[in-house]
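**Student:** Below is one structure. I have some questions about it.
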């Protein structure tokens with residue numbers, strides 16, 4: 001294991017634990033069409049990602065932001081009727097629980113949407129800590145969420161690994177000094193990085209193998 005002792009596993013949420021990005025994109029597009037009469041592309045929506053939903057809507061819709069947010073939450077909630085965590089991801093999380101490896105989510109979602117998703121798909125029991133965009137001053141790509149998770153869980157940066165799908169995740173991990181693996185299983189192959197200089201996991205098997213390679217047989 002090259003001296004690497006894994007004690008904490010950190011996950012991004014959207015696009016890593018669950019394929020929520022298409023739903024988020026659709027709901028954003030509906031809000032911009034309804035409140036701004038603007039048809040925005042998938043790429044334009046994704047370019048906004050980073051700050052939490054309320055921050056984006058304040059910036060884009062001004063004093064109407066609260067109405068937009070309520071409408072967005074309704075769209076987002078309803079879309080969970082068609083979402084489910086993949087069985088292989090549940091296997092990974094169940095294995096981490098069985099090994100008593102502490103786990104945390106570090107997400108740029110806000111508390112309301114994070115709680116909604118975790119409760120609707122039954123993921124809450126699998127995590128010891130949730131760090132949202134509202135729990136830090138500067139969310140990803142800044143490392144504050146990662147640092148908060150490690151401090152709360154009593155781990156050092158050398159004992160952690162972070163799985164996430166975006167460059168915001170990679171930059172946060174790099175700035176925070178933790179091992180990073182880019183999760184590409186929900187990312188279209190056309191958007192995969194070309195010859196990445198960092199570890200990537202393209203499939204469920206890759207994700208399981210990465211974690212298995214760093215889990216000590218006698219981990220906590």
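**Student:** Scan the range 91-102 for residues that are part of a helix (DSSP H, G or I) and surrounded by 16 or more Cβ atoms within 10 Å (Cβ to Cβ) and report the count.
**Tutor:** 3
One line per residue, one yes/no per condition, for (1) free of Cβ contacts under 8 Å to residues at least 60 places away in the same chain; (2) out of contact with any helix residue (DSSP H, G or I) (no Cβ under 7 Å at 6 or more places or on another chain); (3) within 14 Å of residue 12 (Cα to Cα):
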residue: 78; (1), (2), (3): yes, yes, no
residue: 92; (1), (2), (3): no, no, no
residue: 96; (1), (2), (3): no, yes, no
residue: 99; (1), (2), (3): no, yes, no
residue: 102; (1), (2), (3): no, no, no
residue: 105; (1), (2), (3): no, yes, yes
residue: 119; (1), (2), (3): yes, yes, no
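**Student:** Could you tell me whether the range 185-197 includes any residue that is crowded, with 17+ Cβ neighbours inside 10 Å, in contact (Cβ under 8 Å) with a residue 60 or more places away in the chain, more than 19 Å from residue 96 (Cα to Cα) and not assigned by TED's automatic domain parsing to the domain that holds residue 50?
**Tutor:** First pass over the range 185-197, keeping only residues crowded, with 17+ Cβ neighbours inside 10 Å: 185, 187.
Checking which are in contact (Cβ under 8 Å) with a residue 60 or more places away in the chain leaves us with 187.
After this cut, where a residue has to be more than 19 Å from residue 96 (Cα to Cα) as well, the list is 187.
Now drop any that are not not assigned by TED's automatic domain parsing to the domain that holds residue 50, which leaves 187.
Among the residues of the range 185-197, at least one is crowded, with 17+ Cβ neighbours inside 10 Å, in contact (Cβ under 8 Å) with a residue 60 or more places away in the chain, more than 19 Å from residue 96 (Cα to Cα) and not assigned by TED's automatic domain parsing to the domain that holds residue 50, which makes the answer yes.
**Student:** Collect the residues in the range 80-90 that are assigned to a helix (DSSP H, G or I), surrounded by fewer than 16 Cβ atoms within 10 Å (Cβ to Cβ) and touching a strand residue (DSSP E or B) at 6+ places or on another chain (Cβ under 9 Å), keeping them in residue-number order.
**Tutor:** Residues satisfying the conditions do not exist here.
**Student:** What's the total number of residues in the range 143-160 that are crowded, with 22+ Cβ neighbours inside 10 Å and outside any loop (DSSP other than H, G, I, E, B)?
**Tutor:** 5
**Student:** Confirm whether residue 28 is touching a residue at least 40 places away in the same chain (Cβ under 8 Å), crowded, with 17+ Cβ neighbours inside 10 Å and more than 30 Å from residue 128 (Cβ to Cβ).
**Tutor:** Criteria met by residue 28.
**Student:** Here is a further query. In this structure, is residue 36 farther than 19 Å from residue 162 by Cα, touching a helix residue (DSSP H, G or I) at 6+ places or on another chain (Cβ under 8 Å) and at pLDDT below 95?
**Tutor:** yes
**Student:** Of the residues in the range 139-166, how many are more than 12 Å from the chain's Cα centre (by Cα) and either farther than 23 Å from residue 46 by Cα or modelled with pLDDT under 95 (or both)?
**Tutor:** Looking only at that region, the number is 15.
**Student:** Look at the range 167-205 and say how many of its residues are under 18 Å from the mean Cα position of the chain (by Cα) and in a helix (DSSP H, G or I).
**Tutor:** Total satisfying the criteria: 12.
**Student:** Taking only the range 104-134 into account, find how many residues are part of a helix (DSSP H, G or I) and surrounded by fewer than 19 Cβ atoms within 10 Å (Cβ to Cβ).
**Tutor:** 10
**Student:** Ok, one more. Name the residues in the range 39-52 that are assigned to a helix (DSSP H, G or I) and either touching a helix residue (DSSP H, G or I) at 6+ places or on another chain (Cβ under 9 Å) or assigned by TED's automatic domain parsing to the domain that holds residue 126 (or both), would you?
**Tutor:** Going residue by residue through the range 39-52, those that are assigned to a helix (DSSP H, G or I) are 42-48.
Residues satisfying the conditions are 42, 44, 45, 46, 48.
The values are calculated or read from the model by the stated rules, or taken from the named source; none is laboratory data. Since we're looking at a predicted model, the values are computed, not measured. Here Cβ is always computed from backbone atoms with ideal geometry, including for glycine, and neighbour counts include all displayed protein chains.
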